[in-house]
1. When residues of region 57-66 are filtered for being assigned to a helix (DSSP H, G or I) and loosely packed, with under 11 Cβ neighbours inside 10 Å, how many remain?
2. For residue 70, state whether it is out of contact with any Phe, Trp or Tyr (no Cβ under 7 Å at 6 or more places or on another chain), modelled with pLDDT of 85 or more and among the aliphatic types (A, V, I, L, M).
3. May I ask you to list the residues in region 1-56 that are charged (D, E, K, R), within 23 Å of residue 82 (Cβ to Cβ) and surrounded by 11 or more Cβ atoms within 10 Å (Cβ to Cβ)?
4. Return the pair list, or none, for Cβ contacts closer than 9 Å from residues in region 37-60 that are among the aromatic types (Phe, Trp, Tyr) to residues that are part of a loop (DSSP other than H, G, I, E, B), at least 6 apart or on different chains.
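The values are calculated or read from the model by the stated rules, or taken from the named source; none is laboratory data. Remember, predicted model here, so these are calculated numbers, not experimental data. Note: ideal-geometry Cβ built from the backbone for every residue, glycine included; neighbour counts use all protein chains shown.
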Amino acid sequence: MSSRQISDLTGKQHGHVKRDIASMFLELEIDLSKYGRIYTDPRNRSQTEYFLDRELTDCLLTGYSAKARMAVIKRWQELEKKQIETPEQLMASAMQMLSVILSR
């Protein structure tokens with residue numbers, strides 16, 4: 001999850017989220033630069049955002065409010081749900097592809 005998504009979900013300023021991530025990484029002795037990406041903001045400026053895995057996101061959020069933690073937890077659940085397809089969904093997708101192929 002990106003630091004911008006965390007900022008949006010928690011209502012914290014992106015700069016403050018980045019500061020919190022930098023502080024956490026320093027304490028955990030993790031190289032912050034490996035998680036950063038450059039994006040262009042609405043004012044056409046190059047900015048840095050960080051991409052955290054589930055474990056690092058959870059670690060960061062333990063210092064935030066319960067409401068902020070819950071918002072991010074729900075977003076993670078949505079992301080994870082999109083990645084996992086049930087056997088029924090896989091079968092439906094396969095059948096749909098097969099019908100397209102056979103109709104040609």
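1. Restricting attention to region 57-66, the residues satisfying the condition of being assigned to a helix (DSSP H, G or I) are 57-61, 66.
This time we only want the ones that are loosely packed, with under 11 Cβ neighbours inside 10 Å, so: 66.
Going through region 57-66 one residue at a time, the tally reaches 1.
2. Working: out of contact with any Phe, Trp or Tyr (no Cβ under 7 Å at 6 or more places or on another chain): yes; modelled with pLDDT of 85 or more: no; among the aliphatic types (A, V, I, L, M): yes.
No; evaluated as a whole, the condition is false for this residue.
3. Let us first name the residues in region 1-56 that are charged (D, E, K, R), namely 4, 8, 12, 18-20, 27, 29, 31, 34, 37, 41, 43, 45, 49, 53-55.
Filter again for within 23 Å of residue 82 (Cβ to Cβ), leaving 4, 8, 37, 49, 53-55.
Once the filter is applied, which keeps residues that are charged (D, E, K, R), within 23 Å of residue 82 (Cβ to Cβ) and surrounded by 11 or more Cβ atoms within 10 Å (Cβ to Cβ), region 1-56 yields 4, 8, 37, 49, 54.
4. Close Cβ pairs satisfying both conditions: 51/1.
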